[in-house]
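Below is one structure, written out as structure tokens, with a few remarks after it.
The values are calculated or read from the model by the stated rules, or taken from the named source; none is laboratory data. Predicted model only: the values in this text are computed from it and were never measured. Neighbour counts run over all protein chains shown; Cβ positions are idealised from the backbone, glycine included.
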Amino acid sequence: VLPMPVRLLLVLAMLATIVWQMGMVRPGRDTGCALLAAMLAIKSSELRSLRDARSLLGFALFSPFAAFLLDQGPLTTGLAALAAVAALLALQRLAQDEGHSPRLPLRGQLRGVGRLLGIGLPLALACFWLFPRLSTPLWGVPERAVGTPGLADSMAPDQWLDLMADDTPALRVQFFGAVPEPAQRYWRGPVLTSFDGHRWSRDRATARRPAPVVEAAAQGWDYQIDYEPTDRRLLVALDLPSRAPEGSSFDAGMSLRSDRTLSALSRWRLHSAPPQRFDTDLSPYLRRAALQLPPGFNPRTAQLARQWRQEAGNDDEAIVRRALQWITRDFSYTLETPAAGRDPVDDFLFNYKAGFCQHFSSAFVVLMRNAGIPARVVTGFAGGTRNRIGDYWVVRRMDAHAWAEVWLPQRGWV
């Protein structure tokens with residue numbers, strides 16, 4: 001057994017190594033798994049009796065589950081299963097030695113472990129069916145939720161590439177009554193109006209303006225959303241929410257924001273309906289914000305928009321239709337895009353003509369603004385997958401989406 005000063009030095013070295021590797025010590029999955037592995041290694045240096053050995057092996061049974069929390073791949077699952085079986089075999093042998101029982105051959109010991117697993121598996125399956133399956137810990141924000149890219153107050157080229165491969169649930173939705181059609185399942189998040197040539201951002205001064213007057217359809221959808229914990233206050237609702245639930249408020253873009261940070265799993269009851277008319281009276285301030293463009297960027301896009309304006313006269317809808325037809329005919333969807341240059345919209349529209357929702361929405365809004373049509377980028381999610389067992393819908397981070405809205409006379413935002 002190591003003397004006390006040596007054990008204290010080992011503990012301090014363990015903590016220093018974790019801080020050095022992780023940059024900080026924050027309660028959560030990764031920190032907990034690192035501490036578990038380090039304490040397991042240190043515990044093995046102070047074995048004195050069979051009781052210590054049993055404690056060590058019981059402690060070791062948590063390691064396979066910790067590894068499974070970090071990775072659920074087939075290799076990790078197989079190694080974790082082998083480690084759990086080895087720990088159970090060792091515990092069984094210790095029990096035989098302590099009771100002075102004759103040692104069984106390996107095959108007999110494996111049968112004993114199999115009986116233990118046979119007892120435990122039905123209990124595990126019962127827990128799987130009877131208890132809610134949350135993707136986040138009960139104690140707060142998961143490791144991946146803090147600072148996760150995607151739905152934020154800004155959007156830049158290629159910012160969502162990691163998000164598009166992340167199948168972590170972001171929302172769980174239960175409808176009461178009618179369910180919207182796939183084309184209507186757009187989940188509205190932050191509205192971005194400020195553009196610096198590369199990055200779109202939410203203009204806080206504009207967002208603080210009063211919420212617009214919306215004439216909603218008579219038929220809508222009642223539903224509740226379970227939000228996974230994040231470090232933000234952004235709320236997402238089916239487009240278009242008809243009222244803000246208690247504890248939240250609308251901004252000028254009809255996006256919902258919570259009055260507090262969503263640091264724990266939260267549930268919100270909402271009602272949404274398709275808008276018949278959406279802000280048909282656009283104030284001069286909001287018009288300027290929806291036409292803002294930085295000087296000196298994307299000159300080819302500006303030239304094309306001026307040409308279309310000369311040909312269309314005052315017909316804004318004709319310009320919108322022409323842009324949609326051009327993009328539908330000549331552009332393709334891909335996640336493999338080159339790095340953004342100085343004029344990312346020019347590059348997208350005239351060079352590679354391929355990208356994903358960030359590129360399409362950004363380019364369309366810049367083109368419309370250059371033509372004198374108020375426009376903005378809306379971020380959120382699109383789609384969702386139905387869980388038939390639980391009768392709810394799951395919207396994942398990889399469902400993140402961005403689309404464009406333009407303001408047309410007599411129609412408002414469309």
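What the table shows:
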{"item": "Total residues in the stretch 384-400, condition in contact with a Ser or Thr (Cβ under 7 Å, 6 or more places away or on another chain) and buried (at least 21 other Cβ atoms within 10 Å of the Cβ)", "result": "1"}
{"item": "Of all residues in the stretch 194-209 being touching a residue at least 60 places away in the same chain (Cβ under 8 Å) and not polar (S, T, N, Q), the one that is surrounded by the most Cβ atoms within 10 Å (Cβ to Cβ)", "result": "W200"}
{"item": "Within the stretch 198-219, tally of residues that are part of a loop (DSSP other than H, G, I, E, B) and within 26 Å of the chain's Cα centre (by Cα)", "result": "5"}
{"item": "The stretch 258-309: number of residues that are among the hydroxyl-bearing types (S, T, Y), closer than 24 Å to H198 by Cα and either surrounded by 16 or more Cβ atoms within 10 Å (Cβ to Cβ) or not assigned by TED's automatic domain parsing to the domain that holds V394 (or both)", "result": "1"}
{"item": "Residue pairs meeting the criteria (Cβ under 7 Å; at least 6 apart or on separate chains; first polar (S, T, N, Q), in the stretch 267-281; second assigned to a strand (DSSP E or B))", "result": "S272/W221; S272/A237; S272/L238; S272/P241; Q276/E215; Q276/A216; T280/G412"}
{"item": "Some residue of the stretch 238-246 being over 22 Å from the mean Cα position of the chain (by Cα) and of a type in the set (G, A, S)", "result": "yes"}
{"item": "Sole exception among (1) part of a loop (DSSP other than H, G, I, E, B); (2) hydrophobic (A, V, I, L, M, F, W, C); (3) closer than 14 Å to A402 by Cα for V191, by number", "result": "(1)"}
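One line per residue, one yes/no per condition, for (1) more than 26 Å from D203 (Cβ to Cβ); (2) surrounded by fewer than 22 Cβ atoms within 10 Å (Cβ to Cβ); (3) in the same structural domain as P299 (by TED's automatic domain parsing); (4) among the β-branched types (V, I, T):
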site: D315; (1), (2), (3), (4): yes, yes, yes, no
site: E336; (1), (2), (3), (4): yes, yes, yes, no
site: F350; (1), (2), (3), (4): yes, yes, yes, no
site: A354; (1), (2), (3), (4): yes, yes, yes, no
site: A402; (1), (2), (3), (4): no, no, yes, no
site: P409; (1), (2), (3), (4): no, yes, yes, no
